[in-house]
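Structure first, commentary second.
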Amino acid sequence: MTTNFDFLQKVDKNLYEIIAEAEKLYRDEYFEQCMTQTRRFGENVCKKVLGAERAPDATFDEMLATLKDKTTGEEQEKEFLDDLYFLKKIGNTSTHASVVNKDGIKALECLQRAFEVAINYSVYARGASQNILKKRYDTTLLVTGQKEKKTLAEKYAEEKRKVTRAENKITPSKKKKSQVYSMRTSTPKNKFPFFWFFVGISSAISLGMILTLFLIVKF
């Protein structure tokens, strides 16, 4: 299974196996044991850096003090020592705690600090390629054991494109079509009204009857 510390295999296989186990413990949610294992990793890195200059029975604290005395004041050395002190402190607390500590956040920080220690050790103590300095701790790889296909820069660019597309997307407002009603005025046709036709016929009949009666009476 791929780990964040694969680069360390070519530098020091023993150190790699120690810290690879710490990642496995984290993945299985053994956070307390993970923190203890990162402390073990830090102590062994100290031994490797000091080499013959360390006393056989020197404690982690004593080795760190010796390393501190040998520093030249460079920022890289200061960060290296700070990370080692952190691993020692958290590892000791985890080892001697009377209550099980299930602090995944703190365990993750230990792994990240151990990662920085491994990079500094590989480049500055063992002369490994400085390309290792560009590496960043991958939490996805830690949890899944599979490397993220996209780099952080690629994911950033993809998210930026999505935001830009969303900002440039204009949704046209739907305009309500106004209903146009054309009203035609009906023009009455020039027809002779039926009422007046009826009145005319009736009048003609009445006049005819009057004339007929007049003639009968006269003769």
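Structure summary
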item	result
Entries of LYS78/LYS134; LYS24/LYS160; LYS24/LYS70; LYS10/LYS106 with Cα pairs more than 26 Å apart	LYS24/LYS160; LYS24/LYS70; LYS10/LYS106
ILE90, ILE205, reordered so the largest accessible area comes first (probe 1.4 Å)	ILE205, ILE90
Protection-proxy order for peptides 17-23, 103-109, 128-134, each taking the mean of Cβ atoms within 10 Å per residue, highest first	17-23, 103-109, 128-134
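The values are calculated or read from the model by the stated rules, or taken from the named source; none is laboratory data. These numbers were taken from a predicted model, which means no experiment stands behind them. We place every Cβ from the backbone using ideal geometry, glycine too, and count neighbours over all the protein chains shown. Just so you know, the surface numbers come from the protein's heavy atoms only, side chains and all, with ligands and any DNA or RNA stripped out. Shrake-Rupley method; radii C 1.70, N 1.55, O 1.52, S 1.80 Å.
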